[in-house]
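K.L.:
Provided herewith is a single structure, encoded as structure tokens, for subsequent inquiry.
The values are calculated or read from the model by the stated rules, or taken from the named source; none is laboratory data. Here the structure is a predicted model, which means the values were calculated and not measured. Heads up, the Cβs are rebuilt from the backbone with ideal geometry, glycines too, and the neighbour counts pull from every protein chain shown. Note: accessible area is taken over every heavy atom of the protein model, side chains too, but ligands, DNA and RNA are not part of it. Shrake-Rupley method; radii C 1.70, N 1.55, O 1.52, S 1.80 Å.
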Amino acid sequence: MRKMMMAATLAALAASPVAQADPPFDPKDPKMAPYMAGDKRSGYTFAEPETRAMQDDDFSNPGFLWVEDGKKLWSKAEGKAGKSCKDCHGEAEKSMKGVGTVYPRFDPHANMLLTLEQKINQCRTERMGADAYKFDSKPYNAMATYVKHQSRGMPLAVQTDGPAAPYFDMGRRLYYERRGMSDIACKHCHEDLSGLHMRSELLSQGMPNGFPQYRLKWQTLGSAQKRIRGCFEEVRAEPYPVDSLENTVIEMYATWRANGLRVESPAVRK
Ligand code: HEC
Ligand code: HEC
């Protein structure tokens, strides 16, 4: 029964009009080269021209409000230790350059896989004596965007060997696991059907290189964790909790798929 429903859903998706990005996507367009790596395509190359134009101009990109907020928070002393990020890390432009390319990453200190947001919270609770930023709160998103933005233009390079290997294997398993009413896995939409329309949306390869990103549908900025939960809802499956091991290994696997694509944070997407 579930198999049949999935077959029906996939058939319906495949039968909907096959439309290309508008204007039609040309892989040889030199303007697109920075948003590709071999066969890998950033969601930017699937986005409509108006959305791309918003991202191209830092002044019209609403995500820069979060970059600016993060910059202010960077030098704000908080917590029992009376320290700011800057007191220990100096200028973020130098110390955080490249840091955003390797998360989610195995953290020897925590002895587990951490997202960039979780690593920032680790510094807050363990080194500053401050409260962790609450998931999806303004400062949570602002600090992550500010830190990640220091890697803009650098290729993602998530590591999968050594102590990261079991997390990677689990992430891959979950990426290919069918779920929800329609019995569909991440891979069906973002590998098999990418380039096709699903309702009003053009399915991309599901590359997380733009997170945290400003989403027009959200009317705000959000994290990869939030987006992945949204994709579960697309197939009417119960999402894993935020920051759960499952959601984090899926983020890791999805980010590894994007290795080589450049960080765009904060990207703008529909
Ligand atoms: C039923 C189809 C469907 C499934 C299944 C699905 N997604 Fe998505 N996903 C979408 C749509 C639609 C979008 C928005 C348009 C686009 O970028 O494809 C999206 C966007 C994304 C993006 C953002 C891409 C960008 O450019 O910012 C990521 C990352 C992503 N999905 C990851 C996942 C992961 C991980 C899974 C499995 C847990 C998953 N998706 C399952 C439909 C799906
Ligand atoms: C008391 C000093 C101290 C403060 C304050 C501090 N950190 Fe850290 N942070 C460290 C040290 C030391 C490391 C390296 C060891 C580790 O990874 O835990 C680190 C590591 C990091 C990393 C990982 C770097 C990498 O290469 O993976 C990030 C990201 C980070 N800090 C962000 C922040 C942010 C954002 C703040 C402010 C909210 C902050 N830190 C506040 C001491 C501090």
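K.L.:
What number of residues within the stretch 224-243 satisfy the criterion of being open to solvent by less than 20 Å² (accessible area, probe 1.4 Å) and out of contact with any helix residue (DSSP H, G or I) (no Cβ under 6 Å at 6 or more places or on another chain)?
P.N.:
The number of residues fulfilling the criteria is 3.
K.L.:
If we keep just the residues of the stretch 255-265 that are over 13 Å from Gln205 (Cα atoms) and within 16 Å of ligand 2 (Cβ to nearest atom), which is surrounded by the fewest Cβ atoms within 10 Å (Cβ to Cβ)?
P.N.:
Val263
K.L.:
Within the bounds of the stretch 53-68, is there any residue that is in contact with a Leu (Cβ under 7 Å, 6 or more places away or on another chain) and outside any loop (DSSP other than H, G, I, E, B)?
P.N.:
Checked the stretch 53-68: at least one residue is in contact with a Leu (Cβ under 7 Å, 6 or more places away or on another chain) and outside any loop (DSSP other than H, G, I, E, B).
K.L.:
Restricting to the stretch 88-136, give me the number of residues that are under 22 Å from the mean Cα position of the chain (by Cα), among the hydrophobic types (A, V, I, L, M, F, W, C) and part of a helix (DSSP H, G or I).
P.N.:
5
K.L.:
If you go through the stretch 205-214 one residue at a time, do you hit one that is within 15 Å of the chain's Cα centre (by Cα), within 16 Å of ligand 2 (Cβ to nearest atom) and surrounded by 15 or more Cβ atoms within 10 Å (Cβ to Cβ)?
P.N.:
Looking through the stretch 205-214, at least one residue is within 15 Å of the chain's Cα centre (by Cα), within 16 Å of ligand 2 (Cβ to nearest atom) and surrounded by 15 or more Cβ atoms within 10 Å (Cβ to Cβ).
K.L.:
Further question: Read through the list (1) surrounded by fewer than 15 Cβ atoms within 10 Å (Cβ to Cβ); (2) part of a loop (DSSP other than H, G, I, E, B), then give the number of the only condition that Pro163 fails.
P.N.:
Only one criterion in (1) surrounded by fewer than 15 Cβ atoms within 10 Å (Cβ to Cβ); (2) part of a loop (DSSP other than H, G, I, E, B) is unmet by Pro163, namely (2).
K.L.:
Continuing with this model, one more query. Checking the condition in contact with a strand residue (DSSP E or B) (Cβ under 9 Å, 6 or more places away or on another chain) and within 19 Å of Ser75 (Cα to Cα), which residue from Met128, Met112 passes?
P.N.:
Just a single option satisfies the conditions, and that option is Met128.
K.L.:
I've got another one for you. Please count how many residues of the stretch 213-260 are among the polar types (S, T, N, Q) and over 18 Å from Lys119 (Cα atoms).
P.N.:
Final tally of qualifying residues: 4.
K.L.:
Please work out which one of (1) part of a loop (DSSP other than H, G, I, E, B); (2) without any contact (Cβ under 8 Å) to a residue 12 or more places away in the chain is the condition Asp169 fails and give its number.
P.N.:
For Asp169, the exception is condition (1).
K.L.:
Of the residues that sit in the stretch 101-119 and are in contact with a Phe, Trp or Tyr (Cβ under 8 Å, 6 or more places away or on another chain) and open to solvent by 30 Å² or more (accessible area, probe 1.4 Å), which one is farthest from ligand 2 (Cβ to nearest atom)?
P.N.:
Met112
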